[in-house]
Amino acid sequence: MELINFGFWVFSALMGGFVALNLVLIKRANEWYHISMVSRRIQCSLPPGDMGWPLIGNMCSFFIAFKFGHPDSFISNFISRFGRTGIYKAYLFGSPTIIVTTPETCRPILMDDAQFKQGWPKSTSLLMGKKSFLGLSEEEHKRLRRLTAAPISGQKALLVYHEFMKDVIVSSLDELSKAEKPVELLTEIRKITFQIIMHIFLSCESNPGPLIETMEKEYANLNCGLRAMGINLPGFAYYKALQARKNLVKILEDVIDGRKARKENNMIVEDKTDMVDLLMDVEDENGHKLENEQIIDVILMYLNAGHESTAHATLWATLFLHENPHYLQKAKVIDETLRVVNVSLFTCREAIADVSIGGLKE
């Protein structure tokens, strides 16, 4: 019996070693394949890093860090393994990727429009829409931003909604202060932010009710898919996000069609405080107005940009002020929050040609 047990453990150890060896070889082969694709046409060395597993790359460790652990641990792992170089190679969202983490390496990439363009994953661009900023050429991007910036975030627009924002925030915080049990602060801030944004964009349609609840639920599903693997199969977050986008587009199409019908019937409200109305009326220098698809994609894009960043910035500001109450007396609370923690996880750029940064190729 002892001989049988000994043989079993020896066999298990050999099999375990065989499997581990094969896994190492698979990772090495995957890295060799991707590096060989570019090494033949460049003179400089590629940055240090890890290309992960075939097909999925580093996405498993990325998701674990950002969804279940500490987001900084993903980059910290590269730093501990390859040193504090500020630039690493990886495989994320279905393509080989260069990660830059320091101001010195980020600055030339973010400021050089001749060498770099927007390079968001295809899955993210599909969720945000073809007519959003993510999928446009440089010239079209500038045009759309010029047309939409003032109606949405200009000084006049902010003054119109300041009182409403103040009332919603004060009443919501007052209600939370009366809660008999602890509340999840980020969840509550998200609800407050969503209510304010929906009022700004949809005006009378923004009163708390079935529409807002439906849109908030669909938006939550859409947001979960923005940084998920682009697997369009039932059961995956990306599939659910695509369905949520379709539902949101249908809701917004109905709103826009209703506004157009009112205008055709001369049922126009003189005091415009609604971003849908303003976006429908905005014209470029040639007298061209935005198409319905552009309006919808702009709304969804600004909703995503304003909702998550505002909620997380408010959360971090609250935590920092709680731990450092003396900063409450200073006027740079927001700037200090953004210096200490970045509310945007990352941004994406695509190199138009081979670029050397610090002697390393991108």
When H326, H288, H34 are ranked with the fewest other C-beta atoms within 10 Å first, the list becomes H326, H288, H34
Please sort 239-247, 115-123 by packing, taking for each peptide the average over its residues of neighbouring beta carbons within 10 angstrom, highest first. 239-247, 115-123
Lys and Arg at +1, Asp and Glu at -1: add these up for the other residues within a Cβ distance under 12 Å of A244 and post the number. +3
Which of I352, I296 has the fewest other C-beta atoms within 10 Å, and how do the rest follow up to the most? I352, I296
Going by how many other Cβ atoms sit within 10 Å of their own, how do C60, C106 line up, fewest first? C60, C106
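Each value in this text was obtained by applying a stated rule to the coordinates, not by laboratory testing. Quantities reported herein were computed from a predicted structural model and do not represent experimental measurements. Positions of Cβ are backbone-derived with ideal geometry, glycine not excepted, and every protein chain shown enters the neighbour counts.
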